[in-house]
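The values are calculated or read from the model by the stated rules, or taken from the named source; none is laboratory data. Computed from a predicted model, the values in this text were never measured in an experiment. In this analysis, Cβ positions are derived from the backbone assuming ideal geometry, glycine residues included, and neighbour counts consider all displayed protein chains.
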Protein chains: 2
Amino acid sequence: LVLCWAGVCLGVPDPSVRDHLMQEEVFRQVGGRVLLTEPERRLSERLCELKKQEMAGPQFPPAMHFFKARPFIRRSPIFNLLQKMPKGRAALHIHAASLVDVDWLVKNVTYRPHCYVCFTQDKSVRFRFSTQQPLCQPQCSPWILLETLRRKMGNATDFDHSLVQNFTLFTSDPEAAYPSQEVVWNKFEKTFSAISGLVRHAPVFKDYLYEGLMQLYMDNVMYVELRTELPETYELDGGTHSKSWCLQTYQEVNQKFAAQHPDFLGARVIFTVHRNRSPSQVKEAVQNAISFRKQFPEVMVGFDLVGHEDTGKPLWYFKEALSLPMNMGATLPYFFHAGETDWEGTEVDGNLLDALLFNTSRIGHGFALPHHPVAKELSRKMGVPIELCPISNQVLKLVSDLRNHPAAVLMSEGHPLVVSSDDPSMFGSTGLSYDFYEAFVGIGGMKSHLGTLKELAINSLRYSSLSPQQKEEALALWQKKWDKFVCENL
Amino acid sequence: LVLCWAGVCLGVPDPSVRDHLMQEEVFRQVGGRVLLTEPERRLSERLCELKKQEMAGPQFPPAMHFFKARPFIRRSPIFNLLQKMPKGRAALHIHAASLVDVDWLVKNVTYRPHCYVCFTQDKSVRFRFSTQQPLCQPQCSPWILLETLRRKMGNATDFDHSLVQNFTLFTSDPEAAYPSQEVVWNKFEKTFSAISGLVRHAPVFKDYLYEGLMQLYMDNVMYVELRTELPETYELDGGTHSKSWCLQTYQEVNQKFAAQHPDFLGARVIFTVHRNRSPSQVKEAVQNAISFRKQFPEVMVGFDLVGHEDTGKPLWYFKEALSLPMNMGATLPYFFHAGETDWEGTEVDGNLLDALLFNTSRIGHGFALPHHPVAKELSRKMGVPIELCPISNQVLKLVSDLRNHPAAVLMSEGHPLVVSSDDPSMFGSTGLSYDFYEAFVGIGGMKSHLGTLKELAINSLRYSSLSPQQKEEALALWQKKWDKFVCENL
Ligand SMILES: [Zn+2]
Ligand SMILES: [Zn+2]
């Protein structure tokens with residue numbers, strides 16, 4: 001009557017077999033095989049205790065929309081620990097254009113002189129720094145000096161608040177404001193257009209990057225890879241700079257920042273192009289990427305395509321352009337966004353497999369990966385990690401309750417992954433701590449522990465574009481800070 | 001420079017390797033290896049075309065709450081095909097107490113004579129059929145004849161509508177009505193209490209069951225396994241019947257229904273007990289189940305525990321009771337609800353593994369299964385299917401957008417599963433077609449095709465409690481109807 005399977009006999013469960021199977025599941029998850037020191041084990045227990053309390057509370061933040069959850073997260077003792085954690089972790093998936101807190105943009109940048117503003121027909125804004133009145137833009141009101149306008153409006157606080165609303169998706173009632181993916185993506189793209197004139201002003205560009213590094217540094221991040229199209233920047237007199245100027249600036253700001261913060265490892269660039277471009281435009285971008293990589297080997301690390309996957313062309317549409325480096329015998333690491341979709345089985349949903357076949361170094365999001373068993377195996381065996389950005393996926397309406405995020409499947413299987421924040425300023429999340437909170441408390445559930453956090457931190461260095469030697473140094477530096485953190489928080 | 005892995009060379013993808021990997025993924029999914037005849041292939045293509053149109057429309061029903069999606073689903077040509085499909089399929093996970101459309105309860109049952117009603121403090125209702133005024137119930141208004149009350153209220157339509165609201169979760173604004181799992185479960189349990197007095201009246205009990213079989217039959221379902229606690233039924237004079245009486249009634253109604261519908265295979269019973277009972281009460285229930293199975297081998301097929309998993313005791317808490325049959329040398333198939341939770345890593349989340357270790361025949365819901373790689377493997381190798389009830393999971397707030405249902409992972413891996421409707425009257429979904437629609441269009445995405453539907457239909461017979469010979473007959477009967485359906489809908 002007793003049925004046995006692979007040593008497991010069913011019917012009346014043997015408690016030791018049950019323990020063994022439960023242990024096996026614990027081993028498999030991300031961080032499941034990380035050995036913890038005695039102090040680490042104690043801290044881990046404390047974290048689990050805190051998590052239990054958080055689950056028992058009347059509001060469980062990961063089950064809520066982040067915009068509503070943020071005040072609760074800020075009060076969470078787990079979040080406070082995560083902020084202090086010298087995560088040493090690297091932020092591997094952030095778009096440069098939404099790196100810095102919008103408050104800084106409003107309070108610092110829009111108060112600079114020579115800033116003109118105009119209002120578009122679709123109720124957005126445009127900015128332009130210029131010594132003289134800029135030329136009119138189509139579908140836009142005449143330009144007016146922001147200084148003048150602000151004075152006219154009387155209440156600067158209200159006015160600045162209205163600017164903030166144009167610079168971020170963050171709002172108090174997200175369900176009402178963004179009823180569908182279409183609406184939220186529309187606003188998302190509009191917001192990038194709104195801030196474009198501000199951040200592309202050459203002096204602002206430099207300050208913005210410096211401020212961005214500072215905000216990451218304050219959140220205990222030690223290295224970042226930024227996705228950017230390397231925008232055309234401009235001066236007050238209307239003169240413009242090329243993409244190379246941007247890369248040059250990255251190099252300089254890195255040096256300046258590193259001089260003041262020797263424990264920060266710098267920012268590198270993943271050059272991106274929008275997936276709504278033509279195949280020949282993408283081809284040109286790939287060629288540029290190859291030559292930038294030769295010119296700026298220290299900052300320029302690779303290439304990606306950006307924009308809404310569902311409404312854009314699939315990777316395979318650009319196969320000729322993407323085969324170029326290999327056919328030329330050049331090296332161009334890829335970091336493709338792929339599988340950022342709920343539409344299973346569509347052409348776009350094929351991006352995951354194609355990203356892997358084009359030998360991508362990491363996968364941006366990979367939200368749909370658990371729906372693709374073959375791509376999942378390939379990704380695992382190739383050691384290609386998923387860049388998990390929980391808040392982004394929630395705000396852009398791929399998933400609502402983060403306990404249901406498909407990465408929970410990947411975490412339980414110990415799939416290679418790193419945590420990042422995608423567009424922190426758009427989502428009202430500075431640095432990485434908010435996304436770590438969601439991944440640790442929401443997606444990981446009660447199963448994840450300090451070993452999970454440790455593996456995620458180490459992963460972020462392991463899967464970065466740092467050289468093997470830099471990785472080793474970074475890991476040593478991180479280990480020291482980590483040990484200190486563990487001791488201080490027992 | 002070219003990296004190869006298991007015969008797959010990366011960098012410049014070989015189109016034939018790409019095709020092969022894509023094909024491999026197609027093969028793995030549910031229905032992926034089903035061979036289709038030429039007519040089936042044509043119908044499948046038509047279905048895929050219809051699905052594309054559905055995806056391109058302004059409203060995609062599986063992404064919406066079912067209560068809002070229902071009118072759109074009713075208009076869907078795919079849904080209409082699914083209704084006509086002689087699915088031959090069996091409904092393996094339905095609770096007897098919410099089998100029949102609430103309209104029938106209101107329009108038929110509450111209009112019968114001798115029906116008394118009272119109103120509880122928590123704004124619910126209770127009913128009792130009786131020749132004389134029933135005794136007062138605690139926390140309830142005095143009993144009043146429903147006939148009298150309805151006359152007093154003047155507008156019977158409005159009054160009946162208010163009754164409907166007490167009998168179902170269905171409502172026009174579910175997000176507002178049910179802000180949390182706690183609220184929705186509360187109303188869910190309240191609704192069962194409200195209809196209890198109606199359906200436990202012995203004559204109603206018989207009619208209810210007959211009507212339930214009729215509604216399934218009209219939806220082209222040919223067999224059902226009903227979960228029921230075998231409630232105490234009562235007569236007009238207050239006399240009551242035992243659980244055996246219920247089983248006897250099942251047998252009689254089956255015979256009566258089969259006489260009029262020879263192509264219907266009947267209803268069987270999975271005896272259930274609420275998980276908020278004590279271990280000794282559960283033990284008694286298990287003992288009862290064993291003896292019922294001997295007395296009524298044709299209707300009584302097994303045992304299960306019901307009620308909200310998150311707030312109830314885990315299976316392991318009842319391990320002594322559940323080991324009883326094996327220790328006694330008796331046979332009692334289990335059909336445990338397990339993993340109907342978003343709370344990963346909790347004690348309750350261990351139910352999945354324990355259900356398998358107790359040699360469960362199927363798993364009710366298994367919503368959390370993809371988070372448990374070891375349990376998932378065990379379930380697959382043991383051939384233990386998941387009973388997938390998409391609408392239930394959405395209404396009870398485990399997931400909102402059904403494209404994100406974790407069963408999408410299981411479907412893409414070809415995991416054994418059957419589709420059922422859990423509590424159709426509570427959710428406003430008659431029969432199985434609505435849940436098939438959600439599974440096929442929402443969870444399966446563009447990947448699922450006619451082969452998927454065929455495998456799901458066959459699965460529902462394969463994993464039923466029918467004897468091997470009955471299964472063979474049922475499959476032959478189903479095949480005939482299926483072929484006819486395919487021809488008629490080309
Ligand atoms: Zn991104
Ligand atoms: Zn159920």
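General observations
Here's the yes/no breakdown for (1) of a type in the set (S, T, N, Q); (2) within 26 Å of B:S448 (Cα to Cα):
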| site | (1), (2) |
| --- | --- |
| A:M328 | no, no |
| A:L353 | no, yes |
| A:L369 | no, yes |
| A:K376 | no, yes |
| A:G383 | no, no |
| A:V395 | no, no |
| A:L398 | no, yes |
| A:T430 | yes, no |
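- Among the candidates A:R150, A:R126, the residue that is among the charged types (D, E, K, R) and in contact with a Ser or Thr (Cβ under 7 Å, 6 or more places away or on another chain) is uniquely A:R126.
- Filter result for B:Q181 (farther than 18 Å from B:G428 by Cβ, polar (S, T, N, Q) and touching a residue at least 24 places away in the same chain (Cβ under 8 Å)): yes
- Candidates A:G366, A:G350, filtered to the one that is small (G, A, S), closer than 26 Å to A:V395 by Cβ and surrounded by fewer than 24 Cβ atoms within 10 Å (Cβ to Cβ): A:G350
- Those residues of the stretch B:292-335 which are within 16 Å of ligand 2 (Cβ to nearest atom), in a loop (DSSP other than H, G, I, E, B) and on the phi < 0 side of the Ramachandran plot, in sequence order: B:H308, B:E309, B:D310, B:T311, B:G312, B:F335
- Checking every residue in the stretch B:108-121 against the condition of being farther than 26 Å from B:E235 by Cβ and more than 16 Å from ligand 1 (Cβ to nearest atom) gives at least one match.
- In the stretch B:222-241, the residues that are touching a Lys or Arg at 6+ places or on another chain (Cβ under 7 Å), assigned to a loop (DSSP other than H, G, I, E, B) and surrounded by 14 or more Cβ atoms within 10 Å (Cβ to Cβ): B:L230, B:P231
- Residues that are assigned to a helix (DSSP H, G or I), among the small types (G, A, S) and closer than 19 Å to B:L226 by Cα within the stretch B:456-480 comprise B:A457, B:S460, B:A474, listed in sequence order.
- Residues of the stretch A:312-330 that are within 16 Å of ligand 1 (Cβ to nearest atom) and within 12 Å of chain B (Cβ to nearest Cβ): A:L315 alone.
- Among the residues making up the stretch B:262-272, a single one is modelled with pLDDT of 95 or more, in contact with a Phe, Trp or Tyr (Cβ under 7 Å, 6 or more places away or on another chain) and not aliphatic (A, V, I, L, M): B:F271.
- Conditions (1) surrounded by fewer than 17 Cβ atoms within 10 Å (Cβ to Cβ); (2) closer than 24 Å to B:H114 by Cα; (3) in contact (Cβ under 8 Å) with a residue 40 or more places away in the chain: number failed by B:S244: (2)
- Looking across the stretch A:188-210, just one residue is more than 21 Å from A:F129 (Cβ to Cβ) and in contact with a helix residue (DSSP H, G or I) (Cβ under 8 Å, 6 or more places away or on another chain), and that is A:F188.
- Residue in the stretch A:422-431 that is closer than 18 Å to A:E340 by Cβ and among the aliphatic types (A, V, I, L, M) present: yes
- Residue match in the stretch A:331-341 (condition: at pLDDT 95 or above, away from ligand 1 (no atom under 16 Å from the Cβ) and within 13 Å of chain B (Cβ to nearest Cβ)): yes
Conditions (1) touching a strand residue (DSSP E or B) at 6+ places or on another chain (Cβ under 9 Å); (2) of a type outside the set (S, T, Y); (3) away from ligand 1 (no atom under 16 Å from the Cβ); (4) at pLDDT below 95, marked per residue:
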{"site": "B:V418", "(1), (2), (3), (4)": "yes, yes, yes, no"}
{"site": "B:Y434", "(1), (2), (3), (4)": "no, no, yes, no"}
{"site": "B:A439", "(1), (2), (3), (4)": "yes, yes, yes, no"}
{"site": "B:G442", "(1), (2), (3), (4)": "no, yes, yes, no"}
{"site": "B:S448", "(1), (2), (3), (4)": "no, no, yes, no"}
{"site": "B:G451", "(1), (2), (3), (4)": "no, yes, yes, no"}
{"site": "B:S460", "(1), (2), (3), (4)": "yes, no, yes, yes"}
{"site": "B:P468", "(1), (2), (3), (4)": "no, yes, yes, no"}
{"site": "B:W478", "(1), (2), (3), (4)": "no, yes, yes, yes"}
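- Residue check, B:F264 facing chain A (nearest Cβ under 10 Å) and either of a type in the set (D, E, K, R) or assigned to a loop (DSSP other than H, G, I, E, B) (or both): no
- Out of A:S141, A:S130, A:S98, A:S124, one residue alone is among the hydroxyl-bearing types (S, T, Y) and within 30 Å of A:K471 (Cβ to Cβ). It is A:S98.
- Within the stretch A:281-314, the residues that satisfy the criterion of being farther than 27 Å from A:M214 by Cα and without any contact (Cβ under 8 Å) to a residue 12 or more places away in the chain are A:Q281, A:E284, A:S291, A:K294.
- Each residue in the stretch B:447-470 was checked for being without any contact (Cβ under 8 Å) to a residue 24 or more places away in the chain and surrounded by fewer than 16 Cβ atoms within 10 Å (Cβ to Cβ), and 3 pass.
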